[in-house]
Amino acid sequence: MSTTSLFVELLMIGAGAAIWVGLLIVAIFGTEWLPAVAASKELALPLLLPILSITYVLGILVDRLADWFWDGKSDRLRAERFPSREDYRHARTLIYTEAESLRDLYEYGRSRLRICRGWTLNAAFILITFVSFVLSTNGIVSLHQPLLWFGGAASALLGFWSWWAWCRLTRGEYTQLSQQRDFLRATRDSRFDQGARKR
């Protein structure tokens with residue numbers, strides 16, 4: 001995977017984290033200061049690089065947290081195709097060393113998987129901070145308030161779809177990797193047998 005692709009991937013995860021961090025900040029400190037910051041054109045460009053850097057760091061942190069959080073589920077899905085982590089690592093090594101085109105396809109799948117995995121946590125945090133934000137700005141509100149229901153439902157659905165996509169992508173990755181390993185081993189054994197017969 002290229003450095004640029006990894007950077008973009010972590011920014012996509014970090015963008016979700018920036019949303020819930022922003023909601024948490026306005027829930028705690030209110031919204032009175034936002035118009036002044038938004039109106040200040042002098043601050044726009046100087047703040048761009050720090051915001052981008054913070055978003056990138058948030059992407060790394062959420063990615064690592066999501067990896068730890070879903071590690072057990074990932075192990076259970078992996079066990080359907082690979083008895084141990086060592087078998088899985090050997091299959092990955094085989095793909096990386098003997099099939100460049102398969103390696104690129106594998107990395108593309110891993111990137112999608114990590115983005116979905118990160119957004120499962122982002123959506124949960126967005127749900128929590130969004131509800132906190134609405135309650136902090138409107139006081140004690142009725143649960144029938146449309147904004148609260150819409151934001152809560154949208155965050156919950158996003159989290160569920162991200163988790164569902166992650167499960168499907170993870171199971172598909174292990175299945176595909178297992179098939180590719182078997183194919184490469186069979187091809188390598190066939191070449192070895194042909195070489196032995198020629199000698």
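Summary table
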quantity: Potential extension, Arg188-Ala15 segment - 0.36 nm per residue separation minus Cα distance; calculated: 57.9 nm
quantity: Global form of segment 41-173, assessed from the alpha-carbon gyration tensor, a/c cut-off 1.5; calculated: oblate
quantity: Label-point separation, Arg168 to Thr4 (7 Å along Cα→Cβ), nm; calculated: 2.9
quantity: Ordering of 110-122, 73-85 by burial proxy (mean other Cβ atoms within 10 Å per residue, highest first); calculated: 110-122, 73-85
quantity: Arg112 paired with Arg76, simple spin-label distance in nm, labels 7 Å along Cα-to-beta-carbon; calculated: 2.4
quantity: Sites Gln176 and Leu49, calculated FRET efficiency, Cβ-Cβ separation with R0 35 Å, nearest 0.05; calculated: 0.35
quantity: Cα-centre dipole for segment 63-125 with unit charges at Cβ (Lys and Arg positive, Asp and Glu negative), debye to 20; calculated: 220
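Computed from the coordinates by the stated procedures, all read-outs in this text should not be read as laboratory data. Only a predicted model underlies this, so the values are computations on that prediction, with no experimental measurement involved. Ideal geometry is used to build each Cβ from the backbone, glycine not excepted, and the neighbour counts take in all protein chains shown.
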